[in-house]
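The values are calculated or read from the model by the stated rules, or taken from the named source; none is laboratory data. Everything numeric in this text was worked out from a predicted model, so none of it was measured. All Cβ positions, glycine included, derive from the backbone under ideal geometry; neighbour counts span all protein chains shown. Protein only, heavy atoms only, side chains kept; ligands, DNA and RNA dropped before computing areas. Shrake-Rupley method; radii C 1.70, N 1.55, O 1.52, S 1.80 Å.
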Amino acid sequence: MTLPGSATGGTTPADARRTGWWRTNRAALIALLVLIPVVGIGVGWNEWYAYYGYGFRKVAPVEAADRGTVRLAGAEWGPVRSGEITDTAGLTVPDGARLLAAIVPVTPQGEAVSCDAPVLVQQSTGREWAPVRSEVGLAYSADEHERCIAILADEDDPASAQPFSLTVGFVVPGDVAGPFWLEVAPAGDGRFVRFSIDP
């Protein structure tokens, strides 16, 4: 028979200190210290990659050279022509707004290129505008393209792509001043074409 607190039974105060909560949960706490940063980095990287990594958002601009052209994604882009359309009779442009237009010649260097419609970006603020056509009452035209299209000299030869032009218009508030960037994002590249314009 043993008595409480004797050498052969019970716990001493020193034993109680050695088996405290921190010591008992040491392995779990170390695992938490390792897992929290790993999970944070993993979630952050996944969100970044979903936004930028699949090519949904282009991150590297290629600005037009002295000639006003850019070679990118198998084509030569530019030089751009831009201006403000002041005669808006017959168009539904809101009061106090401006209608800006831009034309970008595209010369494929072999196969047809693919791209989204250009966007207009105010350089000082980063505000963006998407192109408009039917919204302001402009009729469809087979000669005025908002997106890259494949015009082939020979339907059976994808390398016979012919030059064409992107023709886009933008409605911006009347108090918005340039300069602007006209940005075109070709498919298959993390970069995009950027022209500086001040119509």
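Let's see how each residue does on (1) open to solvent by less than 30 Å² (accessible area, probe 1.4 Å); (2) part of a loop (DSSP other than H, G, I, E, B):
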site	(1), (2)
T88	no, yes
D95	no, yes
A102	yes, no
T107	no, no
A117	yes, yes
A139	no, yes
C148	yes, yes
V172	yes, no
A177	no, yes
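One line per residue, one yes/no per condition, for (1) surrounded by 10 or more Cβ atoms within 10 Å (Cβ to Cβ); (2) at pLDDT 85 or above:
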residue: P4; (1), (2): no, no
residue: V43; (1), (2): yes, yes
residue: A50; (1), (2): yes, no
residue: D66; (1), (2): no, no
residue: T69; (1), (2): yes, yes
residue: E84; (1), (2): yes, yes
Exercise. Going through the stretch 14-41 one residue at a time, which ones are farther than 30 Å from R191 by Cα, open to solvent by 100 Å² or more (accessible area, probe 1.4 Å) and either at pLDDT below 60 or under 25 Å from the mean Cα position of the chain (by Cα) (or both)?
Worked result: R17
Exercise. Do we have any residue at all in the stretch 94-111 that's closer than 30 Å to A177 by Cα, of a type in the set (S, T, N, Q) and modelled with pLDDT of 85 or more?
Worked result: no
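Return yes when T92 is touching a residue at least 12 places away in the same chain (Cβ under 8 Å), among the hydroxyl-bearing types (S, T, Y) and touching a strand residue (DSSP E or B) at 6+ places or on another chain (Cβ under 6 Å) and no when it is not. If you could, list the steps in order and put the result at the bottom.
Numbers: touching a residue at least 12 places away in the same chain (Cβ under 8 Å): yes; among the hydroxyl-bearing types (S, T, Y): yes; touching a strand residue (DSSP E or B) at 6+ places or on another chain (Cβ under 6 Å): no.
Judged against the criteria, T92 is not a match.
Take E144 and decide whether it is closer than 26 Å to A187 by Cβ, surrounded by fewer than 14 Cβ atoms within 10 Å (Cβ to Cβ) and touching a strand residue (DSSP E or B) at 6+ places or on another chain (Cβ under 7 Å).
Taking the combined requirement at face value, the residue does not satisfy it.
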Exercise. Out of (1) within 21 Å of G174 (Cα to Cα); (2) open to solvent by 40 Å² or more (accessible area, probe 1.4 Å), the odd one out for P79 is which?
Worked result: (1)
Problem set entry | Out of G110, G126, G137, sole residue that is more than 12 Å from F170 (Cβ to Cβ) and in contact with a helix residue (DSSP H, G or I) (Cβ under 7 Å, 6 or more places away or on another chain) | G110
